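Reviewing the structure listed below.
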Amino acid sequence: MQSKLPSIGTSIFTVMSQLALKHNAINLGQGFPDFPMSETLINSVSEAMQEGGNQYAHTYGLPLLRERLAEKINFLYQTTIHPETEITITPGGTYAIFNAFSTIIQQGDEVIIFEPAYDSYIPNITFNGGVVVPIALEFPNYTIPWDKVIAAITKKTKAILVNTPHNPTGVVMTKQDLLQLQEIVLTNNLYLISDEVYEHLIYDNKQHETAMKYPDLFARSFVCFSFGKTYHCTGWKLGYCVAPAALMKEYRKVHQFNAFSCDTPKQLGIAKYMNNKEAYLTLGNMYQEKRDYLRSLLAGTQFKYIPSSGSYFESYSYEAISDEADTIFAERLVKDFGIAVIPMSAFYQNATDHKVIRLCFAKKMETLEAAAACLSKI
């Protein structure tokens with residue numbers, strides 16, 4: 001059989017997690033919390049099951065959940081979204097992004113992405129017949145080189161993908177970034193796919209600049225989110241996409257013959273739990289405390305953090321420690337020091353190596369302490 005993804009192998013997250021298990025290492029590689037989620041939310045889902053909410057939900061998502069999301073978007077961003085025509089519940093944020101690509105890409109269409117990039121983007125584009133046009137964020141601050149974006153646009157360019165807060169770097173796009181993006185999208189009649197799954201994980205008094213706050217930009221956008229990142233339930237694989245009605249109509253054509261619908265009791269439970277605004281309004285402070293604690297634990301080492309203002313990741317340079325390739329260094333950390341991380345070169349098509357590793361700080365304080373103790377031995 002001829003592979004549709006011939007250049008794709010096992011993901012770096014699987015590789016490092018398997019190594020972590022093999023060597024009984026602390027895992028700061030894969031991005032998931034190791035602390036418990038809300039018992040109230042768990043009980044809400046359990047009650048939904050007990051009360052009979054176990055059959056197919058509406059293909060676009062539970063109406064009540066979509067209404068709650070529209071209310072939340074208006075509360076946070078003063079933007080009116082119509083729950084009936086502009087929100088679709090999806091089996092995870094990654095699916096939401098894949099479905100957006102499947103909706104718009106025709107064979108040979110070019111899509112601009114920024115590297116380092118979350119590892120699903122390139123396979124998503126390639127699988128759908130698109131051509132990836134990667135643009136490197138400017139190291140070490142990982143800023144967007146807008147002049148290079150403009151220069152990369154051709155007659156075949158169909159879309160731009162952005163991710164804010166950014167995985168793996170933690171960089172947060174500014175209002176000026178969004179205005180520049182809007183100008184490029186409108187001038188060139190492009191589509192935008194905006195990955196905003198970490199919308200609530202924002203630090204240092206910064207604000208989340210969603211594409212939904214810019215009406216002209218939103219008119220050309222698919223904006224994707226994840227309940228897993230917000231409610232510490234990554235294993236539930238539940239997310240949603242927001243897009244203007246005309247785009248959402250096409251998005252739903254693909255969705256109905258793919259997932260069709262999503263987990264009913266979890267939608268019921270989340271819809272009920274969303275009345276608790278504090279659950280997402282306090283996330284930034286909680287995760288910033290973890291980020292800052294890990295920084296303090298590593299302050300006496302030769303690891304140098306590269307500031308993250310969002311997501312639950314922060315990158316660290318090990319340039320003062322070793323000139324090894326980051327993949328070799330990461331493997332040695334697991335085997336010799338009992339700590340799993342992700343080498344940043346894994347997020348580049350051409351494996352660009354700046355001697356940087358990514359750490360996930362969505363962990364219990366004692367996990368961060370144990371991880372820092374391992375790293376302090378190096």
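Tabulated data
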| item | result |
| --- | --- |
| Residue under evaluation Thr301, criteria (1) more than 18 Å from Pro36 (Cβ to Cβ); (2) part of a helix (DSSP H, G or I); (3) in contact with a Ser or Thr (Cβ under 6 Å, 6 or more places away or on another chain); (4) of a type outside the set (Asp, Glu), criterion not met | (2) |
| Selection status of Asn163, touching a residue at least 40 places away in the same chain (Cβ under 8 Å), within 18 Å of the chain's Cα centre (by Cα) and at negative phi | yes |
| Index of the failed condition, Pro343 passing every other in (1) touching a Gly at 6+ places or on another chain (Cβ under 9 Å); (2) buried (at least 23 other Cβ atoms within 10 Å of the Cβ) | (1) |
| Hits in the range 304-317 (condition: part of a strand (DSSP E or B), buried (at least 23 other Cβ atoms within 10 Å of the Cβ) and small (Gly, Ala, Ser)) | Gly310, Ser315 |
| Single condition Thr210 does not satisfy, out of (1) surrounded by fewer than 23 Cβ atoms within 10 Å (Cβ to Cβ); (2) touching an Asp or Glu at 6+ places or on another chain (Cβ under 8 Å) | (1) |
| Among (1) surrounded by fewer than 17 Cβ atoms within 10 Å (Cβ to Cβ); (2) in contact (Cβ under 8 Å) with a residue 40 or more places away in the chain; (3) not assigned by TED's automatic domain parsing to the domain that holds Thr327 - the single one Gln50 does not satisfy | (2) |
| Any pair with Cβ under 9 angstrom, 6 or more apart, that starts in the range 92-111 at a residue that is not assigned by TED's automatic domain parsing to the domain that holds Val133 and among the β-branched types (Val, Ile, Thr) and ends at one that is assigned to a helix (DSSP H, G or I) and buried (at least 24 other Cβ atoms within 10 Å of the Cβ) | none |
| Only one of Tyr56, Tyr60, Tyr118 that is surrounded by 17 or more Cβ atoms within 10 Å (Cβ to Cβ), of a type in the set (Phe, Trp, Tyr) and either over 30 Å from Ile135 (Cβ atoms) or free of Cβ contacts under 8 Å to residues at least 24 places away in the same chain (or both) | Tyr60 |
| Residue check, Asn128 within 16 Å of Thr103 (Cα to Cα), more than 19 Å from the chain's Cα centre (by Cα) and either not small (Gly, Ala, Ser) or not assigned by TED's automatic domain parsing to the domain that holds Glu319 (or both) | yes |
| Residue match in the range 318-339 (condition: under 22 Å from the mean Cα position of the chain (by Cα), surrounded by 21 or more Cβ atoms within 10 Å (Cβ to Cβ) and either outside the structural domain of Leu19 (by TED's automatic domain parsing) or aromatic (Phe, Trp, Tyr) (or both)) | no |
| Condition met for Lys22 (in the same structural domain as Ile342 (by TED's automatic domain parsing), exposed (fewer than 14 other Cβ atoms within 10 Å of the Cβ) and among the basic types (Lys, Arg)) | yes |
| Residue list for the range 10-35, filter: part of a loop (DSSP other than H, G, I, E, B) and touching a helix residue (DSSP H, G or I) at 6+ places or on another chain (Cβ under 9 Å) | Thr10, Ser11, His23, Ala25, Leu28, Gly29, Gln30, Gly31, Phe32, Pro33, Asp34, Phe35 |
| Answer residue from the range 241-280, given it is free of Cβ contacts under 8 Å to residues at least 60 places away in the same chain and assigned to a helix (DSSP H, G or I) and is farthest from Ile104 (Cα to Cα) among those | Glu278 |
| Residue selected from the range 346-370 under the condition in a helix (DSSP H, G or I) and either charged (D, E, K, R) or touching a Leu at 6+ places or on another chain (Cβ under 7 Å) (or both), by the criterion surrounded by the most Cβ atoms within 10 Å (Cβ to Cβ) | Leu368 |
| From the options Leu186, Leu217, Leu179, Leu192, residue that is over 14 Å from the mean Cα position of the chain (by Cα), within 23 Å of Ile105 (Cβ to Cβ), surrounded by fewer than 19 Cβ atoms within 10 Å (Cβ to Cβ) and free of Cβ contacts under 8 Å to residues at least 60 places away in the same chain | Leu186 |
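Every residue, every condition in (1) closer than 30 Å to Ile184 by Cα; (2) in contact with a Ser or Thr (Cβ under 7 Å, 6 or more places away or on another chain); (3) at pLDDT below 95, yes or no:
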site	(1), (2), (3)
Leu201	yes, yes, no
Ala219	yes, no, no
Tyr231	no, yes, no
Tyr240	yes, yes, no
Lys249	yes, no, no
Val254	yes, yes, no
Cys262	no, yes, no
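The values are calculated or read from the model by the stated rules, or taken from the named source; none is laboratory data. Not measured: the values here are computed from a predicted model. For neighbour counting, all protein chains shown are included, and Cβ atoms are generated from backbone atoms with ideal geometry for every residue, glycine included.
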